[in-house]
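Worksheet: the structure to be examined is printed underneath.
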Amino acid sequence: MPPPLAPLPALLFNVPPQEAGSFTSNDVAIIGGGFSALATLANIVQRRDKPMSICVVARGGLRDFGPAYSTPRHEHLLNVRAGGMSLWLDNPAHFAEWCKAEGIDGASPAAFMPRVVYHKYLQEILDSTLALAKEKFITVTVLDDVAVAVNSGYAVSLQSGRIVQAKHIVLALGNSLRAQQQADIAGLVTDPWHYDYTQLPANGAVAVIGSGLTAVDAMISLLTAGWQGKIICLSGHALLPRPHLDMVDATRMPKLMAQDFVDKPLSKLLHNLRAVAKPLGAEWPYAIDALRPLTQIIWRNLAPHDRTRLAGRHFALWNIHRHRAAPEIYRQLDAAMKRGQLQLVKAHATGYAPENGGIKISLQRGNHMHVDRAFVCTGIGYGAGENPLLRAMMQASLLPQDGMTADETFRVGGTESRGIYALGAPLFGQLFETTAVPELRMQADKIARVLAAHI
């Protein structure tokens, strides 16, 4: 553990001298404000029995729990059944039981609940966590700010000029959404969760860029709002997430043998998976779900060139089968495709410009199209280099230049990173499944066990 660092000159942090005096010292700094940050904080407080200090740094504070969970729209459903969405690793039924206790309509472990309900669940966990922290004399400070740099003494420089000193740092940064990198252009929508769909023209055409779960949110909101015009969905593969089964029968889950999938070339692995899925017919999702407990072991033992192929050429196909949509959502999209309102187009958007009150979308090979609105839903940027803070930490040798790595407690690798932990999307590469709630709650639990016990 690095020794505490005294306040350093303002120039070292690139902040104005008059603001450099705003300096706080903490046992743990959690950087991020989404599910990962809340799960880490809640688990530390739950396990800690002695006083300590925790500072959470996040744009907006701990309020939205990530973009997708901040949606106020009831048509935006979770893409995992309620029985799999507990924040607590050791109480997997917690969310489903909470829904039942709240008397929420349609609640059951098998239901795909609205994300506004899940947001309320997370808010109640935050409230109870802060109350428990007060009882245990654990100081929790939440700063509405942005971390821009970390030095080798674990002083975190914030956008406001404040400095947060910590003995340990948890990078709970969540997903870097590529759409947020777009310029501010009238008619270009990069936040489909908070857009006012009543502002659309009566009819015409809109484009949805991307075809993953974020794009599904935009398209389902267009349909729910009664949009009568064309919806043109552009993506490199023009494939939508497949639907979950309406009902799940655990007895139908095949028993997969690890030796058929681990330490196999990717071609053989996929061949064996197809052999299991084909006899199941329409119930093929059982095969994908049965593979999940083996996924990290398979990934860890794949040859480097097969990892590259799976994360590149086969990634879209894996995602549409693995990260599926609620069946009631998929039925609405399927109906829109059958009546000709929703069209999937295999194309890459290369640029956007305002044109005649709408948007001109440039496509590859010099083609373009005009639409009234364009919803940019291009998904997650998995690379650590896509996040400015992580890039700065790589340059400071706090993180390895060739990608994030972490040990079994999720302490990251780097020449100066003995007290830095990470979870979620930045670990993609070392891990394959790392952005869904079951993985995140396990990672948060392991990090919290270490920090609660050893500070």
*Give, as residue ranges, the strands (runs of 3 or more DSSP E) completely inside the range 351-455 that count at least 2 residues that are more than 30 Å from HIS94 (Cα to Cα).*
358-363, 368-371, 373-376
*Residue by residue through the range 326-377, note down the ones that are in contact (Cβ under 8 Å) with a residue 60 or more places away in the chain and among the small types (Gly, Ala, Ser).*
ALA326, ALA336, ALA347, ALA349, ALA353, GLY357, GLY358, ALA374
*Given the conditions (1) exposed (fewer than 15 other Cβ atoms within 10 Å of the Cβ); (2) out of contact with any helix residue (DSSP H, G or I) (no Cβ under 9 Å at 6 or more places or on another chain); (3) of a type in the set (D, E, K, R); (4) at pLDDT 95 or above, report the number of the one that ASP105 does not fulfil.*
(4)
*asked:* Condition check: on the phi < 0 side of the Ramachandran plot and modelled with pLDDT under 95. Does ASP127 satisfy that?
replied: no
*Residues of the range 61-80 being modelled with pLDDT of 90 or more, of a type outside the set (A, V, I, L, M, F, W, C) and under 12 Å from the mean Cα position of the chain (by Cα), which ones?*
TYR69
_Of residues in the range 366-394 being surrounded by fewer than 17 Cβ atoms within 10 Å (Cβ to Cβ) and at pLDDT below 85, the one farthest from GLY236 (Cα to Cα)_ = GLY385
_helices (runs of 4 or more DSSP H) wholly inside the range 210-291 containing at least 2 residues that are more than 23 Å from VAL80 (Cβ to Cβ) and either of a type in the set (Asp, Glu) or in the same structural domain as ASP306 (by TED's automatic domain parsing) (or both)_ = 266-277
*Have a look at VAL189, VAL117 and point out the one that is over 25 Å from GLY419 (Cα atoms), assigned by TED's automatic domain parsing to the domain that holds TYR352 and surrounded by 19 or more Cβ atoms within 10 Å (Cβ to Cβ).*
VAL189
*Say we look at the range 409-433 and pick out the residues that are surrounded by fewer than 23 Cβ atoms within 10 Å (Cβ to Cβ) and β-branched (Val, Ile, Thr); which of these is nearest to the chain's Cα centre (by Cα)?*
THR409
*asked:* Just the residues that are in contact (Cβ under 8 Å) with a residue 60 or more places away in the chain, acidic (Asp, Glu) and outside any loop (DSSP other than H, G, I, E, B), please, taken from the range 125-164.
replied: ASP144
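The values are calculated or read from the model by the stated rules, or taken from the named source; none is laboratory data. All of these numbers come straight from a predicted model, not from anything done at the bench. Because the Cβ atoms are built from the backbone with ideal geometry, glycine has one as well, and the counts that use them run over all protein chains shown.
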